[in-house]
């Protein structure tokens, strides 16, 4: 709760910094705000569940841990907005404040205990993202991305809200644990079809938010058109918060329905489809940005394995696997998009050929992008390897061996498209458009090195954060 209050108050305060003629104070102010909120977030660790707003919001170790991921991700991403400062972007204060307000929605998603708070969290997060997707107002691709994201997002939110209404009609409550009790002890069996349809519609609504197939069609176009800085935020913070909310809904509201085989078959089918479409789609891409968009879809599939393998509580192997995977994925993705943004700004290209010879002109960028690609591919000694290992282990423990075998095969497919940027950087020569040195500030170099270091530390010493839930 302290995090929500601080982000709301300081986000409003940040808007007033926009009245200054210079933008140079905005970036350090945003980082200071995020650093302060990240520190305050862990004050309540191991203090027991704390309820707010008549038990609509609950702060416990689960919410604190996932809040930590989204705040850390935003903090590590902020240095790559330095271009907006140097260019004198007139709306920079508004951009930073929208990011801070979107984090309020993300924290609601990981802390909710009431379906209305889930809805408020999704809307707070989504509305900010709709605006930021179209922030490059002179770029037609950005305008198209914002329009597509808004229209399809509004449609998905309507389906989610209708599903909540049907679940309320069948159970008589919006509180998660009361819904679980009503599902296990139905008062009227004639209301069960209403409950099942409501559950399915909620699954569709949240599936859209996390880019799970077959509700992923917006992802490549929106990711490609959105300015790269905000695409990175969208593919990490939104996905982490969405899966934390998904896990809470499954474990606390519908565990009985899952045990009865009413929820898990649909989730399993979505998981297989997401893995297949995400990986096969990424193979066919020539744009690094679109490849990362399909990569984001495929990683939603791996996270869905953790949901399929849940063990009925928020402190088990499945929850820990999703937590570790989200952390490792977010760090590697921020690094990948950070390098892509710097290269695209200098070379005006987002395809693989734009990376040609980068190891010779900018060894640091090539090294960091290599670490990020290896982590996303799940190669040992990176955080991504143990992220997949923990999720797969939870699935095997619960008997989903076939699903894990399929996921391993898809991981092998992913190695192909994750190695393509590495091959371009180290084995292809530069040409007229790629011979120039990509400018990188010392501030950004430090952020990139930190991201690479965190990825390797998670791969060498996973026990530092695994098992904390």
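The values are calculated or read from the model by the stated rules, or taken from the named source; none is laboratory data. What you see is a predicted model, and the numbers here were worked out from it, not measured in a lab. Counting neighbours? That spans all protein chains shown, and the Cβs are built from the backbone with ideal geometry, glycine included.
A few remarks follow.
- Only one of 376, 454, 458, 448 that is within 21 Å of residue 287 (Cβ to Cβ), surrounded by 21 or more Cβ atoms within 10 Å (Cβ to Cβ) and in contact with a helix residue (DSSP H, G or I) (Cβ under 8 Å, 6 or more places away or on another chain): 376
- Within the range 42-61, if we keep just the residues that are surrounded by fewer than 23 Cβ atoms within 10 Å (Cβ to Cβ) and under 22 Å from the mean Cα position of the chain (by Cα), the residue that is farthest from residue 176 (Cα to Cα) turns out to be 42.
- Hits in the range 62-96 - residues which are under 25 Å from residue 446 (Cβ atoms) and over 19 Å from the mean Cα position of the chain (by Cα): 82, 83, 84, 85, 86, 87, 88, 89, 92, 93
- Any hit, the range 102-113, residues being modelled with pLDDT of 90 or more, more than 30 Å from residue 339 (Cβ to Cβ) and part of a helix (DSSP H, G or I): yes
- Total residues in the range 423-437, condition touching a residue at least 24 places away in the same chain (Cβ under 8 Å) and surrounded by fewer than 19 Cβ atoms within 10 Å (Cβ to Cβ): 9
- Check on residue 121, in contact (Cβ under 8 Å) with a residue 12 or more places away in the chain, touching a strand residue (DSSP E or B) at 6+ places or on another chain (Cβ under 9 Å) and part of a helix (DSSP H, G or I): yes
- The C-beta contact set for the range 126-142 (first residue under 14 Å from residue 238 (Cα atoms), second residue modelled with pLDDT of 90 or more and not in a helix (DSSP H, G or I), distance under 6 angstrom, 6+ apart or interchain) comprises 133/226.
- Scan of the range 278-290 for residues that are surrounded by fewer than 20 Cβ atoms within 10 Å (Cβ to Cβ) and part of a helix (DSSP H, G or I), ordered by number: 280, 283
- Residue in the range 342-360 that is closer than 18 Å to residue 236 by Cα and either free of Cβ contacts under 8 Å to residues at least 40 places away in the same chain or buried (at least 24 other Cβ atoms within 10 Å of the Cβ) (or both) present: no
- Test: residue in the range 424-444 that is within 14 Å of residue 351 (Cα to Cα) and at pLDDT 90 or above: yes
- Condition check for residue 164: in contact (Cβ under 8 Å) with a residue 24 or more places away in the chain, surrounded by fewer than 18 Cβ atoms within 10 Å (Cβ to Cβ), within 25 Å of the chain's Cα centre (by Cα) and at negative phi: no
- Filtered residue count, the range 156-175, keeping only those that are within 12 Å of residue 195 (Cα to Cα) and in a helix (DSSP H, G or I): 10
- Residues of the range 28-46 that turn out to be closer than 18 Å to residue 71 by Cβ and either in contact with a strand residue (DSSP E or B) (Cβ under 8 Å, 6 or more places away or on another chain) or not in a helix (DSSP H, G or I) (or both), as a count: 2
- Among the residues of the range 106-127, those that are more than 23 Å from residue 172 (Cβ to Cβ) and surrounded by 24 or more Cβ atoms within 10 Å (Cβ to Cβ) comprise 106, 107, 108, 109, 110, 111, 125.
- Residues of the range 14-27 classified as surrounded by 13 or more Cβ atoms within 10 Å (Cβ to Cβ) and assigned to a helix (DSSP H, G or I), total: 5
- With a requirement of 2 or more residues that are under 14 Å from the mean Cα position of the chain (by Cα) and at pLDDT 95 or above, the helices (runs of 4 or more DSSP H) lying completely within the range 293-380 that satisfy it span 317-347.
- Flag if residue 169 is in contact with a helix residue (DSSP H, G or I) (Cβ under 7 Å, 6 or more places away or on another chain), exposed (fewer than 15 other Cβ atoms within 10 Å of the Cβ) and touching a residue at least 24 places away in the same chain (Cβ under 8 Å): yes
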